[in-house]
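Contents: one structure, followed by commentary.
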Amino acid sequence: MFKLNTSWLLAAVALAMFGSGFGCGKPESDATAETSAGAPKNLLLISVDSLRADRVGVYGHTPWFTPNLAVTPELDRLALKSIVFDQAWSSSSWTLPAHTSLFTGLDDLGHGVINEAFIVDPAQQTLAEFLAATGYQCYGVFSGPFLKPRWGFGRGFERYESAMMGPTEVEKQMLEWRENQVEAGLPEPTDEQLALIKRHVTLWDVTSPRVNQKANRVLEQVAQTKQPFFLFLHYYDVHYDYIPERANPALKTLFDPAYTGTMTGQDWHGNPAVRNKIPPFERRINERDLQHVEALYDGEIHWVDTHIGAILDELRRLDLADDTVVAIVSDHGDEFFDHGSIGHRISLFPELNKMVFMLHIPGRTTSPKRSQQMTSMMDVAPTLLEAIGVDDIWTQPMGSSRLSAPPLANAKGVFSHLLVDTPQGLRLIECWRGERFTVMRPFTIDPSTKESIRLVQKLYPDKTPAYYVYDRQQDPNELKPIPPTHSAYLHAVQKMATDFDLQKRQRERVMLSARAGHAFRIRIAQCTASHGLE
């Protein structure tokens with residue numbers, strides 16, 4: 001049995017709070033060659049919420065029941081003249097911290113937006129603020145609740161608009177729901193139930209047409225000027241509930257035309273036919289019904305893909321396409337019992353953590369290129385800045401451009417984090433991925449003492465290892481960790497330790513304001529005051 005350096009092991013506990021996402025891997029000659037002079041100035045950044053990478057055609061997806069029908073024809077077409085990043089990993093597995101990493105170039109614990117209680121630190125600059133300072137017109141359209149300006153995402157934009165339904169439409173949806181309850185003979189809902197449904201209404205909204213309407217207005221405006229623009233578009237319709245028929249009735253059967261069952265994607269998280277409503281959340285849905293729900297998910301992806309295609313058509317119509325870099329990212333995926341659960345914000349396994357990242361640079365990515373570099377969400381903004389040819393250097397990001405790859409000898413892994421408050425305590429999952437191996441470290445922090453750190457484990461009945469190591473070459477879905485006695489186990493953990501040291505030095509220069517930083521430091525201190533491992 002091996003021995004780890006004890007001082008590093010104690011320091012690594014703090015990594016669950018101060019982990020890294022600094023990463024770059026194997027250089028890709030085709031991608032690196034895309035950095036010649038004269039890069040176009042405009043930038044269109046499209047974020048698709050809840051989009052699993054493995055449900056996109058260019059990443060290998062073929063629908064089960066309609067193999068000849070593409071789910072993402074527009075994205076696949078764009079990929080034919082783009083760099084497609086095959087090893088891109090989000091900073092987390094839910095919207096708020098992942099987009100904060102996208103906008104700041106920092107990992108989740110560098111920017112500190114670990115849950116809804118935190119905002120983008122005023123001492124930190126957003127991508128829009130940086131581009132505005134260099135002379136860009138900056139516009140944004142969002143369609144999901146965690147992209148609202150209250151968290152700081154509107155900073156730097158001349159206009160940052162919501163495509164979500166307004167208060168009048170929310171009330172209309174609530175009224176329809178209550179009428180359906182009465183018709184079904186159900187009792188009058190309580191105030192608590194009404195509040196829950198009001199929050200749930202956003203999951204029924206169809207926002208992509210509004211996103212495009214507002215985006216087209218921006219494109220018409222910027223087409224009349226010679227000033228470079230940055231346009232950020234956020235599409236939310238892929239997010240559960242999976243009810244694509246609200247957007248287009250044909251989508252209900254498009255990818256599963258022969259289904260005769262009764263399962264729907266409505267109330268996906270709360271439906272007792274899917275799983276137990278209280279812990280333990282044991283699965284109840286059968287395999288065929290689950291496949292149908294995934295076909296509904298494909299329908300929502302197809303709906304968003306169509307709207308992305310319409311925006312790309314508008315770029316061409318306005319003669320903007322030849323001067324506009326187009327980037328497509330996803331913030332996280334969704335789970336369909338891949339690891340025993342549903343939804344997201346629950347783990348950092350590939351179905352949730354692997355992200356879509358493709359980049360089209362007009363005139364230079366005229367044929368498809370695949371990059372195998374280890375890429376994090378923090379690397380996206382630096383990569384975009386190089387792609388559009390901005391001369392000013394943005395020193396804030398902890399990531400780096402994936403267009404200028406370092407030598408293989410300097411290859412690094414990428415880190416992701418998930419922090420969730422639960423009744424049992426603050427659950428922390430830290431994940432590191434190198435070119436072949438994945439290392440996960442799960443913790444729970446005792447809410448009563450805020451000092452006792454307990455490692456969470458379910459996979460080893462006899463003992464609790466500090467790390468779970470997966471060989472993605474043999475186990476790409478990370479279903480079976482290799483045992484601590486495996487020859488590669490120590491090697492993978494030591495590589496993670498090396499990257500931790502590098503990232504720790506990077507984080508020392510991250511700016512924190514007195515207000516936001518102080519609150520964050522208090523929370524960190526409470527959770528890392530003691531490092532006793534059981």
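Hydrodynamic radius of region 165-204 by the Kirkwood approach over all distinct alpha-carbon pairs: 10.4 Å.
Can you work out the PRE-style zone for Leu479? Point 7 Å along Cα to Cβ, and I want the residues of region 324-341 with backbone N under 17 Å. Hits in region 324-341 for Leu479 at 17 Å: 335-341. With θ taken as phi - 60° and the Karplus curve 6.51 cos²θ - 1.76 cosθ + 1.60 applied, the whole-hertz 3J(HN,Hα) list for region 296-310 is 5, 4, 4, x, 5, 4, 4, 4, 5, 4, 4, 6, 5, x, 5 Hz, x standing for glycine and proline.
Overall, region 165-204 carries a charge dipole of about 160 debye about its Cα centre when +1 sits on the Cβ of Lys and Arg and -1 on the Cβ of Asp and Glu, all other atoms neutral. When Val201, Val58, Val304 are arranged by Cβ crowding within 10 Å, least crowded first, meaning fewest neighbours, the order is Val201, Val58, Val304. Given R0 = 30 Å, the distance between the Cβ atoms of Gln227 and Lys148 translates into a calculated FRET efficiency of 0.65. Cα-Cα over 30 Å: which of Lys354/Lys504; Lys226/Lys354; Lys148/Lys412; Lys198/Lys252; Lys277/Lys480; Lys252/Lys369? From the list (Lys354/Lys504; Lys226/Lys354; Lys148/Lys412; Lys198/Lys252; Lys277/Lys480; Lys252/Lys369), the Cα-Cα distance tops 30 Å for Lys226/Lys354; Lys148/Lys412; Lys252/Lys369. The alpha carbon centroids of region 375-407 and region 59-116 are separated by 17 Å. With the cut-off at under 20 Å, measuring from each backbone N in region 252-284 to a point 7 Å along the Cα-to-Cβ line of Gln193 picks out 266-278. Please give the Cα centre distance for region 196-249 versus region 119-164, rounded to the nearest Å. Value for the Cα centre distance between the two parts: 16 Å. Ranked by how many other Cβ atoms sit within 10 Å of their own Cβ, fewest first, the residues Lys504, Lys226, Lys277, Lys172 fall in the order Lys226, Lys277, Lys172, Lys504.
Read-outs throughout are calculated quantities, based only on the coordinates presented, and are distinct from any laboratory measurement. Source: prediction; values computed, not measured. Counting neighbours? That spans all protein chains shown, and the Cβs are built from the backbone with ideal geometry, glycine included.
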